[in-house]
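Down below is the structure, laid out as structure tokens.
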Amino acid sequence: MGIRIVAFTGLVAFSCAHSANAQNWHPGSVVDRTSNAGIEAEVSAWSPATKWVKDANPCPLLDGELVDSTQSTGGEFQVGIPSDRSLYSVVYCSNDYHPAIMIHLRNGPSGSPTSPRPMRLQGISNDVVAIDATDLAIFALNQLAYLRSIDPESFDSAMGDYAELIAEIDGTSAEAFSSLSAVVASWATEF
């Protein structure tokens, strides 16, 4: 009887320790914005994180907890996020490139990729052309309008639910995100 209790207690302790350290692994890639070639970059994951707090050469630090840090190889990487975190942020840094911060990413099941994939870093020596920015904005609005046209009610509900998730750590960003449904609805009226 005593051995069974000890064995059961050990099994429960192992299970609790294992679940406390459980990670969701997210593959990603980072490429040069112009050539699409994979680049070597430092990639760090933070949770939760809402703002840039310090410039560290060459990588910014965020206000959340650093949960993983890795180096991409040929542009490919993988970050591990504790499974009990609903959101995470990623910082990308590489010599000769502007650093990038992607906030409020969903911590989906292992194997779900980081967003965006690939992350396209802008070279320091290359100017950002206004037409690139507007083309990207038009692309994003058209893609969102397309998804909303399939099922507006589900789209608006999903956007509202995700805004509530963001609101748990960042009210300002949650407000901006929740306004996207109205923007998308007014972008593409019924054809």
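Quick note: the coordinates plus some simple rules give every number you see, no bench work behind them. Given the structure is predicted, the values throughout are model-derived calculations rather than measurements. Using ideal geometry, Cβ is built from the backbone for each residue, glycine included, and neighbour counts are taken over all protein chains shown.
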Taking the alpha-carbon centre of each part, the distance from segment 69-107 to segment 130-184 in Å is 21 Å
Could you put Y88, Y162, Y146, Y97 in order, starting from the residue whose Cβ has the fewest other Cβ atoms within 10 Å? Y146, Y162, Y97, Y88
Order these peptides, 65-77, 26-38, by their mean beta-carbon neighbour count within 10 angstrom, highest first. 26-38, 65-77
Sort 108-116, 39-47 by packing, meaning the average of other beta carbons within 10 Å per residue, with the highest value first. 39-47, 108-116
Place a point 7 Å from the Cα of W187 along the Cα-to-Cβ direction; which residues of segment 161-177 have their backbone N under 20 Å from it? 161-164, 166, 173-177
Express in nm, to one decimal, how much length is gained between T70 and M102 on full extension, taking 0.36 nm for each residue of separation and deducting their alpha carbon distance. 9.9 nm
Anisotropy class of segment 132-187 from Cα gyration tensor, a/c 1.5 cut: oblate
Using only the alpha-carbon atoms of segment 23-100 as identical scatterers, what base-10 log of I(q)/I(0) does the Debye formula give at q = 0.20 Å⁻¹? -0.86
